[in-house]
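Report on one structure; see the data block that follows.
Bear in mind these aren't lab numbers, they're just calculated from the coordinates by the rules spelled out. Predicted model, so just to flag it, every value in this text is computed and none were measured. FYI the Cβ positions are ideal-geometry reconstructions off the backbone, even for glycines, and counts take in every protein chain you see.
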Amino acid sequence: MSHETGLRYTAGEALARLADGNARFVRGEARFPTVQKEVLAALAKGQQPYATILGCSDSRVPPELVFDAGFGELFIIRLAGNVLSPEVAGTMQYAGTHLKTPLFVVLGHEGCGAIHAALQAKFHGARDRSRIEELLQNILPALDAIDPEAPLDEQMHAAVEANVRWTLRRIRAMPEAQVREAEGIMKLVGAILSLSTGVVQFLDE
Ligand SMILES: [Zn+2]
């Protein structure tokens, strides 16, 4: 396995690498079983990841594995429900300003417990521990268009995507993100991971 740090990818190339890696993962042909010492030594000098991923903490959605990516390739932020917070925004700003990753992905997933909890809170008045409720506050505005009469699996499907799109909108509300996207320095995309198949579907604008 050649070590590829130091290469600079465009956003489109970065997206293609993620899609190719996910295809290998789904086929059972993932190619990064170990990391060689030389790779670690090279990466110790600096990182140049080609994508920043905002994903969920769920144990079933590790980005390096689902994109078949190695050490030094992905800059990853994970927290329940892949929501935006000041700390997340700061981490993304670091990725954009200092690491200059050309691609930013908000990665939601089917069967997300945080989304389920938010639906329960919104439509059934469910209460949770205080800090969990604080977290859910970031998701609730995403659920305005969800039909409470629909079956729960349909609500979940729609809500997972709505939450990704809501997080994308909140990121795009930051002036810096608008400028970087308009200038083509950065591309921001949403994606949904299927737990049962491992397939990542990138969302249309
Ligand atoms: Zn989740």
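Observations on the structure shown:
- Look at V39, V66, V105 and count the other Cβ atoms within 10 Å of each Cβ; fewest to most, that gives V39, V66, V105.
- Segment 1-107: C-alpha gyration tensor shape, a/c 1.5 cut-off, then a/b vs b/c: oblate
- Around the amide H of H109, modelled in the peptide plane, lie the amide H atoms of L193, all under 5 Å away and 5 or more residues distant in sequence or on another chain.
- Under 5 Å between amide hydrogens, built in the peptide plane, is the criterion, and for L103 it picks out T52, K187 among residues at least 5 positions away or on other chains.
- Rounded if a/c under 1.5, otherwise prolate or oblate - segment 145-205, Cα gyration tensor axes: oblate
- Hits among lysines - C-alpha to C-alpha of K187 under 16 Å, sequence gap 8 or more where chains match: K100
- GNM top mover of Q47, Q36, Q137 - the chain, alpha-carbon springs below 10 Å: Q36
- Karplus-based coupling profile of segment 48-53, in residue order and whole Hz: 9, x, 9, 8, 9, 10, with θ = phi - 60° in 6.51 cos²θ - 1.76 cosθ + 1.60 and x standing for Gly or Pro.
- Length added when fully stretched, A182-R8, from 0.36 nm per residue minus Cα-Cα: 60.7 nm
- Both radii are taken from the alpha-carbon atoms of the chain; with Rh as the Kirkwood radius, Rg/Rh is 0.98.
- Simple rule: put +1 on each Lys or Arg Cβ and -1 on each Asp or Glu Cβ in segment 11-202, find the dipole, and look at C112, Q36, P148; the Cα lying farthest toward the positive end is Q36.
- Eligible lysines near K37 by straight Cα distance, threshold 25 Å, same-chain separation 8 or greater: K45
- Its Cα centre serving as origin, the chain has a Cβ charge dipole (Lys and Arg +1, Asp and Glu -1) of approximately 620 debye.
- In sequence order, calculated HN-Hα J values of segment 153-160 (Karplus, 6.51, -1.76, 1.60; Hz; x Gly/Pro): 5, 5, 4, 4, 4, 5, 6, 4
- For the chain, calculated [θ]222 nm from helices alone, where every DSSP H run of n ≥ 4 adds -39500 (n - 2.57): -13000 deg cm²/dmol
- Viscosity 1.567 mPa s, temperature 4 °C, Stokes-Einstein D of segment 110-176 from Kirkwood C-alpha radius, µm²/s: 106 µm²/s
- Taking other Cβ atoms within 10 Å as a rough exposure proxy, R8, R60 sort from fewest to most as R8, R60.
- Peptide packing for 161-173, 140-152, 88-100, 122-134 was compared via the average number of neighbouring C-beta atoms within 10 Å per residue; ordered from the highest value, the list is 161-173, 88-100, 140-152, 122-134.
- Charge context of E110, other residues only, Cβ under 14 angstrom, K/R +1, D/E -1: -3
- Once C-alpha pairs closer than 8 Å and six or more residues apart are averaged by separation and normalised to the residue number of the chain, the relative contact order reads 23 percent.
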